[in-house]
1. I need to check one value: relative contact order of the chain, counting alpha carbon pairs closer than 8 Å and at least 6 residues apart, in percent.
2. Considering only Gln458, Pro5, Phe385, whose Cα is most displaced toward the positive end of the charge dipole of the chain, charges sitting on Cβ of Lys, Arg (+1) and Asp, Glu (-1)?
3. What ranking do Arg508, Arg284, Arg304 get, fewest neighbouring Cβ atoms within 10 angstrom at the top?
4. Under a point-charge model restricted to the Cβ atoms of Lys and Arg (+1) and Asp and Glu (-1), what is the dipole moment magnitude of the range 196-269 relative to its Cα centre, in debye to the nearest 20?
5. Note down the net charge around Val499, summing +1 for each Lys or Arg and -1 for each Asp or Glu among other residues with Cβ under 14 Å from its Cβ.
6. Using only alpha carbons, build the gyration tensor for the range 75-120 and give me the equivalent ellipsoid semi-axes, biggest first, whole Å.
7. Near Lys516, which aspartates and glutamates are there with a Cα under 12 Å away, not counting those fewer than 8 places off in the same chain?
8. If you rank His414, His8, His35 by fewest surrounding Cβ atoms within 10 Å, what's the result?
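We did not get these values from a lab; they are worked out from the coordinates using the rules stated. Quick caveat, the model's predicted, so the values are computed rather than measured. Counting neighbours? That spans all protein chains shown, and the Cβs are built from the backbone with ideal geometry, glycine included.
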Amino acid sequence: MNSPPITHHPTLTTDFLVIGSGIAGLSYAYKVAEHFKQLGKPVSVTIITKVNEDESNTKYAQGGIAAVIKNSDSFENHIKDTLIAGDGFCDEKVVRTVVEEAPERIQELIDWGTNFDKNKQGEYDLAKEGGHSDHRILHYKDLTGNEIERALIEKVENHPFITILDHHFAIDIITQHHLGVKVTRQSPDKKCFGAYVLNRKTNEIQTLLSKITLLATGGIGQAYKSTTNPTVATGDGIAMAYRAKAIIENMEFVQFHPTALYNPADNPSFLISEAVRGAGGILRNHKGYAFMADYDERKDLAPRDVVARSIDAEMKKHGKKHVFLDTTHLDKEHLQSHFPTIYNKCLSIGIDISKQLIPVVPAAHYLCGGIKVDLNAKTSIINLFASGECASTGLHGANRLASNSLLEALVFSHRAFLSGVEEIKNIEFQSNIPAWDDEGTTLQDEEILVSQTKTELQTILSDYVGIVRSDERLSRALSRLKLILEESEDLYKKSTLSVAICELRNLRSIAYLITKAAKEQKINVGLHYNINN
Ligand code: FAD
Ligand code: SIN
C-alpha cells in the first residue's frame, strides 16, 4: 500500500535542535532548558527522534556506567585502563577530562532520579568488566540503560521549554550548500542552520531552522548482519554530517561485543553483558575447554578486542558457529537478582543459565569513531555539535573500554551545553532557506530493491570488514560497495522520500567510510586487525 503523498510544511524555528533521544540528546536538552529556566529567560529546545521517544541504544545498555567511586580506586587507574584499551590511539587530555568529570556527571544523573543498585551496607554495588583494574561500574540490575532513559525522559517530558517530536526523521542538516554556495570539507566557514525533517505521522517534510544543532543520533550497528544495536542504529547522524562535509574519523574501529546470545532469528542480537564474565562467567569451546587462557593472561576479562578475536579464532579452528559462556557454577539467586533480563531471555529460549551453557557469538556493538569533535563537542561545522556514539571525541582511541560510552555522552553533552548557552547569544536564524527539493522523485513500490540492497550491504560488511580483515577482503568489499553506491544513489534520486530509503542511503555511506578507513589503516591496532599488516 502506498504511503500518503509527501507534502511540505511551512518553516519552523527552534533555538536549540537536538537530533536523538538517547542519553546524549536528553541530558543535553534538559541541561540547556533548565539553565534558561533558572535565568527566567524562555528558550525553545526541540528534540526530534525517529521512532518512540525512548528507542535508542541507551535503552538497551546492560552493564552500566564507569566512574571512580570507591576510595581505594583512583582517577589514575581509570585513565590507565582507558588508555590501555585504546591501544595508544586515545587523546590523553580527553581521557583525563572524562574520567575526572565523571563523578559530578553521575551525581547529576542520580539527582535527576536515576537508581543504581546498592549493597547491604548501602554503598553502590560496583561491578567489574573487561579491561578495568577495579570494580567501578554503577548499574541497575542488567537494565542500566533503561533506568537512565526512564529518568531522563521524565525530566524532559515535564520541562516547559522542551518539545519532543517523536516519529520525526532527520533527513539532512542544512548548510550554505542549500543556499547554492559550494562548500568542501576544507571550507572553514561552513555553518549549520537546522535540518530537513520528515514527520512520519503526516508524511510532511519540515524545514526546521535552529540556532544551534546537536547531533546525538547514536550508533551504526545495523550496517552489520548481526548486531546488539536496535534497528534505529543506522548511522544517520554520521552520514548527514559526512554529506554536509564535516570531518569524520576513526571509522575502522568497530567494536564487536564478544558475547551476544547465539539465536540467529533475533534482530537485534540479545546481549549477554560483560558483567556476567565480571561475576565469574567462563568462556568455553564445544569441548568444554576454557580457551581464553591460551590467548591472554587476563583470560575472560581481557579487553573486548582481544576476547572477540579469540572467540573468532576458536570458532574458525573448530568450524563452529558459536562458543559457550558457562555460568553454571555461579549462585542461582545471584544470577536471577543481578541479571534478571538475561536469565529470563535465555529461559524463554529453553536455556536455564544456572544449569546450561549459553551459546554466544561476537556481534557488532559500538563505533569508536564518528564525527570529529573537540573537547566542547564542536564539529568542524559552525553551530553544529555532536555527542554520544555518533561523535569521535578521542576518548576511546582504537578500542573502547567497557561502560565508558554512557559516561562519554554525559560529559560531552555537558560540555556542549556550556558552550551552546554562551554562543547562542550571537546567533540569528538564517533566512531564505528553500523547502526540501523533491523534484523528479516519483518512484514508489520498490521496497524490494531497498531491503535487498540493505541485506547485501550488511553481508559485505560482516563477511569482509568484520573482526579479522585482509587486503583481499577489503578490496572486494570496496568494489562491491561502489556498485551499491551507484545503484542506490540512482534509486534515491528517483524515489519518493521514505525512512527506509534514507536509512539505506546513510548505511551505504557508513559502510563505505568503515571499509575505506580499514583499507587505509596500515597497522594492527585495537579493533582493527588485518592479517596482511
Ligand atoms: P542512542 O542512545 O543510540 O540514541 C540515538 C537516538 O537518535 C535515538 O533516539 C534514535 O532514534 C535517534 N536517531 C537516530 N537517527 C535519527 C534520525 N535520522 N532522525 C531522528 N532521530 C534519530 N555503554 C555503556 O557505557 N555501558 C553499557 O552497559 C552499555 N551496554 C550496551 C548494551 C547494548 C545492547 C548496546 C546496544 C549498547 C551498549 N552500550 C553501553 C553503548 C551505549 O548504550 C551507547 O553507546 C549509548 O547509549 C549511545 O547513546 P547516544 O545518546 O549517543 O545514542
Ligand atoms: C555490557 O554490558 O557488556 C555492555 C557494556 C558496554 O558496552 O560498555
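1. With pairs under 8 Å counted, the relative contact order is 21 percent.
2. Gln458
3. The order, fewest Cβ neighbours first, is Arg284, Arg508, Arg304.
4. 260
5. Value of the local net charge: -2.
6. That gives 26, 13, 8 Å for the three semi-axes.
7. Partners found: Glu249, Glu252, Asp471.
8. If I rank by nearby Cβ atoms, fewest first, I get His8, His35, His414.
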